Amino acid sequence: MFRIKRLYLFILQTFLPLFLMTFFICLFIILMQFLWRYVDELVGKGIEMPVLAELFFYAAVSMVPMSLPLALLLASLMTFGNLGERLELLAIKAAGVSLLHIMRPLVIVIAMIAVGAFFFQNDILPKAQVKMYTLLYSIRQKSPELDIPEGVFYDQINGYNLYVKEKDRKTGMMRDLMIYDLSEGFDNAMVILADSGKLKLTEDKQYLFLTLFSGESFENLKNQRTAVNSVPYRRETFSTKVILIPFDAGFNRMDDGVMQNQYIGKDMHELRTSIDSMTTRIDSIGNVFGNELKNSGYFTLYNNERPDTTDNTKKSPITIINIDSIYASASLQQRESMLNRAVSRAETVRQDYEYKSMLSDGDQRIIRRHEMEMHKKFTLSFACLIFFFIGAPLGAIIRKGGLGTPVVVSVLLFIFYYIIDNSGYKMARDGRWEVWEGMWLSSAVLLPLGIFLTYKAVNDADVFNKDLYTNFIRKLIGKKETRHITMKEVIIDEVDITEAEKRIEQIRILCDQMQKNTGKKRQSYWEYWTKGYDKNLLRALKTEVDGWVEYAQNTRSQTLISKLTNYPVLRMLLLYQPCHIRWIGITMTVLFPISVPIYFIGNWEQSRLRRELQTIQNINIEILTIIRETESEKINK
């Protein structure tokens, strides 16, 4: 009988409620962003609540691809952060269960979510996007709700401008009206002035019924003029005047078929079919344009001979025309005419091919949009997996639950992901990068981070230890140190000259080997990345020098102590030998922008090492002289 382990049930019961909570919170926040973006197009249109509810529902479905990865990141981070903060993760690990074993049920759940996200992107999202954009476009086309303000001209009625000085909100009576009727064109404008008036909407919401009181109108009848310089003009004074103005205030839903033919409304099969058909059509058009270009007068290639008209086997030479001589023999007026015709023809050809290029670029842009939409169906599923393998290990490392630290870290990571993803999207859309490069850029950047955090969390490494990174930087470009030696008050065993000569000789041999290895000149770019300096030999030399200095401190000679402080402290920098493996060094030589600055910094550090080796050799000679002189003085005494 199949049974789920109690540990797995505990992990699932901890994760799933958090995931559902964070998913709906993220979806709500992103939906509010959608509302803030389109609020200007929704307000003031008199849209009914069922239409708005339908729009928000389809918008929420369309925002799932953006909210799902963020919800998984936040939920996994909070889950393992809570387990770490309550010491439950420590107890589970103490029982011999590894972190990967703890993550196993969630990996299965996330894999199922990723598969479901693909089918959601392929089957449900296109329909939801078609419905959302259809509704949004229909709302944009709807006339605004009739609300004429006071003291300003109102131009939302097509063909009319209305000015109302005062308006009674209770009765709807408008006072001191000025109306510009431009429905018949600017040349046949009518100006109406009225003391008061009322405006009503007909029951079918197709017309405005405007009743005016105590006013006069001025009309220009330019379309009825009879003489050349005579324009008919009419003035009318009225006590009551009724005007019927066409005004469609209803909501007309656009047909879904318009949006369904766009790339946002197609599934994988339809996208592939559209890409293949458009590619075939563009290739055929490109071949036609190419043949026209090759057969044009500027690019036609002629042989030195052409077939004779009477016998195809015989060749007759082409008559060569010397254009320079013809141009030189022409008059000034003829030259100007030739140049103008040539410039005009060249300009015509240029405009023709610019137009063809614009047509080709437009078709290529549509193809890229289809390819981008096809890649997006996979990037969402992959992003879900990456964010889980970032959030779960990070939560196990920081051991902080709740909505504090996890929310801050998740938002920062998601902003980083969004910026990279949006940059890749724009690069792919504009054709600067290949489509797959731009669409998979964010995944390629975050995947190493997920692998790194998972590796560190599984091995219980301290990722946020400041000393860890300080020591790494110190190994890379460590600060140069100086020796500090103080004279001992009590000396039991003084420096033996035989032992001193033996140790100094050993240091000299190692220095000679190291200097032979380093050479007197700096290494070339290839030698630096494939060979570098022998760090094992340098480590042996450092051990000998440090051991000799420690031994030579057992002396009563102040001069010897001062000389010992002049020994340089050898550092084991990574820049001396950046690559131990040859193929890695070859790879770094190919990565030109990264490797060149490291090469110059490394050469500078290597030159300092060569000077330090020479300093050690010189100090060895001086110290050996001091020891011998001290020993001879003892013998003479």
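The values are calculated or read from the model by the stated rules, or taken from the named source; none is laboratory data. Keep in mind the model is a prediction, meaning the values are calculated, not measured. Don't worry about glycine lacking a Cβ; one is built from the backbone with ideal geometry, like all the others, and counts go over all protein chains shown. Just the protein is used for accessible areas: all its heavy atoms, side chains included, with ligands, DNA and RNA removed. Shrake-Rupley method; radii C 1.70, N 1.55, O 1.52, S 1.80 Å.
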Of the conditions (1) open to solvent by 30 Å² or more (accessible area, probe 1.4 Å); (2) without any contact (Cβ under 8 Å) to a residue 60 or more places away in the chain; (3) not hydrophobic (A, V, I, L, M, F, W, C), Glu48 clears all except one; give me its number. (2)
Pro568, sole failed condition from (1) without any contact (Cβ under 8 Å) to a residue 12 or more places away in the chain; (2) within 17 Å of Trp604 (Cα to Cα): (1)
Taking the condition modelled with pLDDT of 85 or more, open to solvent by 20 Å² or more (accessible area, probe 1.4 Å) and in contact with a Ser or Thr (Cβ under 8 Å, 6 or more places away or on another chain), does Phe389 pass? yes
State which residue is nearest to Gly362 (Cα to Cα) when the search covers only segment 404-421 and only residues that are out of contact with any Ser or Thr (no Cβ under 7 Å at 6 or more places or on another chain), surrounded by 12 or more Cβ atoms within 10 Å (Cβ to Cβ) and not β-branched (Val, Ile, Thr). Tyr418
From the list Leu70, Leu55, Leu18, pick out the single residue that is closer than 23 Å to Thr405 by Cα, touching a residue at least 60 places away in the same chain (Cβ under 8 Å), out of contact with any Ser or Thr (no Cβ under 6 Å at 6 or more places or on another chain) and in a helix (DSSP H, G or I). Leu70
Specify the residue that is modelled with the highest pLDDT; the eligible residues are those in segment 248-269 that are open to solvent by 60 Å² or more (accessible area, probe 1.4 Å) and more than 24 Å from Thr202 (Cβ to Cβ). His269
Identity of the residue in segment 465-485, under 37 Å from the mean Cα position of the chain (by Cα), loosely packed, with under 11 Cβ neighbours inside 10 Å and part of a loop (DSSP other than H, G, I, E, B), that ends up modelled with the lowest pLDDT: Asn465
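In segment 139-149, is there at least one residue being in contact (Cβ under 8 Å) with a residue 60 or more places away in the chain, open to solvent by less than 50 Å² (accessible area, probe 1.4 Å) and among the hydrophobic types (A, V, I, L, M, F, W, C)?
Yes: one or more hits.
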Could you please let me know if Arg432 is over 27 Å from Lys127 (Cα atoms) and within 19 Å of the chain's Cα centre (by Cα)? yes
Just give me the residues in segment 558-568 being closer than 16 Å to Asn620 by Cβ and either touching a strand residue (DSSP E or B) at 6+ places or on another chain (Cβ under 7 Å) or open to solvent by 10 Å² or more (accessible area, probe 1.4 Å) (or both), in sequence order. Thr559, Ser562, Lys563, Thr565, Asn566, Pro568
Considering segment 486-524, residues that are farther than 21 Å from Ala552 by Cβ and open to solvent by 60 Å² or more (accessible area, probe 1.4 Å), and then whichever is modelled with the lowest pLDDT, we arrive at Lys520
Give segment 527-563 a look and list any residue that's in contact with a Cys (Cβ under 8 Å, 6 or more places away or on another chain) and of a type in the set (S, T, N, Q), or say none. Thr530
Cβ contacts < 9 Å: first residue surrounded by 15 or more Cβ atoms within 10 Å (Cβ to Cβ) and of a type outside the set (Ser, Thr, Tyr), restricted to segment 348-369; second residue at pLDDT 80 or above and not in a helix (DSSP H, G or I), any location; separation 6+ or different chain. Result? Arg368/Asp430; Arg368/Gly431
Taking Glu347, is it within 49 Å of the chain's Cα centre (by Cα), farther than 30 Å from Glu373 by Cβ, at pLDDT below 80 and not in a loop (DSSP other than H, G, I, E, B)? no
Within segment 89-112, is there a residue that is within 24 Å of the chain's Cα centre (by Cα), open to solvent by 20 Å² or more (accessible area, probe 1.4 Å) and not β-branched (Val, Ile, Thr)? no
Could we say that Asp176 is at positive phi, charged (D, E, K, R), open to solvent by 30 Å² or more (accessible area, probe 1.4 Å) and at pLDDT 70 or above here? yes
Please enumerate the residues belonging to segment 204-227 that are exposed (fewer than 14 other Cβ atoms within 10 Å of the Cβ) and either of a type in the set (A, V, I, L, M) or at pLDDT below 70 (or both). Asp204, Asn223, Gln224, Arg225, Thr226, Ala227
